[in-house]
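Just below is one structure, and these are the notes that go with it.
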Amino acid sequence: QVQVVESGGGLVQPGESLTLSCAASGQIFSIYKTTWYRQAPGKQREMVALITDADATTYAEPVKGRFTVSRNFAKNTASLQMNELTPDDSAVYFCNVDVAISPRGTHLEAWGQGTQVTVSS
């Protein structure tokens, strides 16, 4: 199967930056898409950003212009660069990886455990 681990969360002040990492391992032939989600206390989980195997990206409106998602093909990792952070960005950030597990195209989705981002002065 496939395992996903997020890292890089922490406590930062408003206006500062953080970079989150999403590492996938296990039975991976290729990664179709990596999607970052976040969930704040009392709120629904929301999509933050995604990147496809064609390097197409999509961002939620609140983070456009501030966040950048990228991937490292060789390492099966993805990153979320978060700039100009505000308290509204505070949440647990989750990584969802849509992977092909064989050359035949069989795929599945795997979730990480989440990493906490807290933005506070």
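The values are calculated or read from the model by the stated rules, or taken from the named source; none is laboratory data. All values derive from a computational prediction rather than experimental measurement. For neighbour counting, all protein chains shown are included, and Cβ atoms are generated from backbone atoms with ideal geometry for every residue, glycine included. Areas reflect the complete protein model, heavy atoms only, side chains present, ligands, DNA and RNA absent. Shrake-Rupley method; radii C 1.70, N 1.55, O 1.52, S 1.80 Å.
Structure data summary
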{"quantity": "Cross-link reach list, lysines versus LYS33, counting only Cα pairs under 16 Å and skipping chain neighbours closer than eight places", "calculated": "LYS75"}
{"quantity": "Neighbour count of at most 16 Cβ within 10 Å plus DSSP loop: longest chymotrypsin sites (Phe, Trp or Tyr not before Pro)-free window in the chain", "calculated": "74-121"}
{"quantity": "Antiparallel bridge percentage (DSSP; both residues within the chain; nearest 5)", "calculated": "95 percent"}
{"quantity": "Long-range Cα-Cα pairs in the range 34-110 (distance over 22 Å), rounded percent", "calculated": "27 percent"}
{"quantity": "Among PRO62, PHE29, LEU85 the positive-end extreme of the charge dipole of the range 1-106 (Cβ point charges)", "calculated": "PHE29"}
{"quantity": "Sequence-distant aspartates and glutamates (8 or more away, or on other chains) whose Cα lies within less than 20 Å of LYS43", "calculated": "GLU61, ASP88, ASP89"}
{"quantity": "Compactness index (Cα Rg / 2.2 N^0.38 Å), the range 65-113", "calculated": "1.46"}
{"quantity": "Accessible surface of the chain, 1.4 Å probe, proportion on carbon and sulfur as whole %", "calculated": "49 percent"}
{"quantity": "Size of electric dipole in the chain: Cβ of Lys, Arg +1 and of Asp, Glu -1, about Cα centre, debye, nearest 20", "calculated": "220 debye"}
{"quantity": "Trypsin sites (Lys or Arg not before Pro) within the range 57-91, DSSP loop, no more than 11 other Cβ atoms inside 10 Å", "calculated": "LYS64, LYS75"}
{"quantity": "Difference of contour (0.36 nm per residue) and Cα-Cα distance, ARG66 to GLN1", "calculated": "20.0 nm"}
{"quantity": "Where the range 1-108 is the region considered: accessible area per residue in Å², 1.4 Å probe", "calculated": "53 Å²"}
{"quantity": "Value of relative contact order over the chain, rounded to a whole percent, pairs C-alpha under 8 Å and six or more apart", "calculated": "37 percent"}
